[in-house]
1. For region 353-412, report the accessible area per residue in Å² (1.4 Å probe, heavy atoms, rounded to an integer).
2. Looking at the square roots a ≥ b ≥ c of the eigenvalues of the Cα gyration tensor of region 481-538, which shape do they give, rounded for a/c under 1.5, prolate if a/b is larger than b/c, or oblate?
3. Using θ = phi - 60° and the Karplus relation 6.51 cos²θ - 1.76 cosθ + 1.60, list the HN-Hα couplings for region 212-221 in order, rounded to whole Hz, with x at every Gly or Pro.
4. Could you state the accessible area per residue of region 481-538 in Å², with a 1.4 Å probe and every protein chain left in place?
5. So with the 1.4 Å probe, I'd like the accessible area per residue for region 121-196, rounded to whole Å².
6. Per-residue HN-Hα couplings for region 261-267, Karplus 6.51 cos²θ - 1.76 cosθ + 1.60 at θ = phi - 60°, whole Hz, x for Gly and Pro?
7. Got a sec to turn the phi values of region 376-390 into Karplus ³J(HN,Hα) couplings, 6.51 cos²θ - 1.76 cosθ + 1.60 with θ = phi - 60°, whole Hz, x for Gly and Pro?
8. What is the distance in Å between the Cα centres of region 337-366 and region 99-139?
Amino acid sequence: LQDQFDNLEKHTQWGIDVLEKYIKFVKERTEIELNYAKQLRNLSKKYQPKKNSKEEEEYRYTSTRAFLATLNEMNDYAGQHEVISENMTSLITGELTRYVQELKQERKSHFHDGRKAQQHIETCWKQLEASKRRFERDCKEADRAQQYFEKMDADINVTKADVEKARQQAQLRHQMAEDSKAEYSSTLQKFNSEQHDHYYTHIPNIFQKIQEMEERRIVRIGESMKTFAEVDRQVIPIIGKCLDEITKAAESIDHKNDSQLVIEAFKSGFEPPGDIDFEDFTQPMKRTVSESSLSNSRGDGKSEPKFGGKSKGKLWPFIKKNKGAGPEDFSNLPPEQRRKKLQQKVDELNKDIQKEMDQRDALTKMKDVYIKNPQMGDAASVDHRLAELGQNIEKLRLEVQKFEGWLAEVEGRLPMRTEQSRRQSGLYEAQNTSTVNSCAQDRESPDGSYTEEQSQETEMKVPATDFDDEFDDEEPLPTIGTCKALYTFEGQNEGTISVAEGEMLYVIEEDKGDGWTRIRRNEDEEGYVPTSYVEVYLDKNAKGA
């Protein structure tokens, strides 16, 4: 390849271009990995439950916890793609970029030496050509001088002086030709030696270095390709673990457990309603609502309160909800749900108290430090904050006491269902033959929740119908006391009645343990209001009071 210097120069430049193209390819791959990891992280973050939100409560189910585990594993999965990007950047693009710079410098040095050797041999060739032309010219001049001398010497008309002059000139030219011959011979020998060294020593050495350089480049790009694959292979076990954890999370889903959680979350604590009796309208019946006529009523009978002269049967599981805010004591909720809400509120308040106490303890320690080391700060500067914390703690404790009282009331009331079961067995009726309790009514709370079921007690049976005005002549329930409305209540649901703050009304049925009291304004207006909204004054002489 001694005569292919220019082609080798082009080929080695092409090799460097290939290396730079591969570096660009790896860079774009690292960017793809980073973008993919970023998108995976954003996707995982997007579906993470928001703190202190309803979504966070949903993650108590095994299926949603498995989904949360999947999101966390996807986050780790994204991290492995970031590792791929980092390793490719450091082990391939960084190393190859430095190597390319070194390769360019080495290539430049080798081809500089090659051009220098090429220029040197070309200079020697030019010197040889110049010496050759000079020797040729001197030989021709010597021949012409010799011919002129011979001509002058043969001419009898030429003086001796001219002949001598021509002879000297011929000898001078001949000597010059000899000198040029010697110089040409010397230059030729030198050129042949330089040319031999050039083609058999200098150029082969330079080409050998270029070949070694090119082979190192080829080996290096092959090693980089192996590293490219190895970087991916190194994270495969970790990615496999992520996928194994996702599979494990999926296998941990317990449908039975989730179903039980739903039951625990939404059970109301109510007893199911009893059977509805058949009402035979073909037989003449005398219907009264006085308590004296209820001695033979069946224990599972149902009576509906009279609102506006009409009574309507209700199936408590299908009642419309009121979207308005409920009372502070959650009395609008079913017993079990109310207990959970109150317990949750007590726990939250206790946490707040603990936070305030921690702050107070920290400030107390700071004050002690200031007292011992006045140069560090003024001890009196924290007194105001300590007083505020003390007031806050006291307020929170009062709140806890209030909610704990309601909670104790609910927890003490729930076991009444056992007492009511005993009543159904006939014990209660045997002990109270002279007094018959008023009807226990399925009642609807303002937000659509349901009151505690009283189906176990002896109840009066009142036929309910909307198509016969004959049954609108029922006597109203007797009053058992009065009450004063402590707050304004908007009765928006069926069975409730609106009252204004300070208004005096009649009580016709006291709270049966469900948080509702039945009141009457006049003959046509009666209904239920939350017990906590009214102050009741019962008449001790009234029946059932």
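The values are calculated or read from the model by the stated rules, or taken from the named source; none is laboratory data. None of these values were measured; they are calculated from a predicted model. Neighbour counts are summed over all protein chains in view; Cβ atoms, including those assigned to glycine, are modelled from backbone coordinates with ideal geometry. The accessibility values were calculated without ligands, DNA or RNA, using every heavy atom of the protein model including side chains. Shrake-Rupley method; radii C 1.70, N 1.55, O 1.52, S 1.80 Å.
1. Heavy-atom accessible area per residue stands at 67 Å².
2. Rounded, because the longest to shortest axis ratio a/c is under 1.5.
3. Those phi angles translate into 4, 4, 5, 5, 4, 4, 5, 4, 5, 5 Hz.
4. Accessible area per residue: 45 Å².
5. Value for region 121-196: 74 Å² per residue.
6. Taking θ as phi minus 60°, the curve returns 5, 4, 4, 5, 6, 10, 5 Hz for region 261-267.
7. For region 376-390, the Karplus curve yields 7, x, 8, 5, 6, 5, 9, 4, 4, 5, 4, 5, 4, 5, x Hz.
8. That distance is 93 Å.
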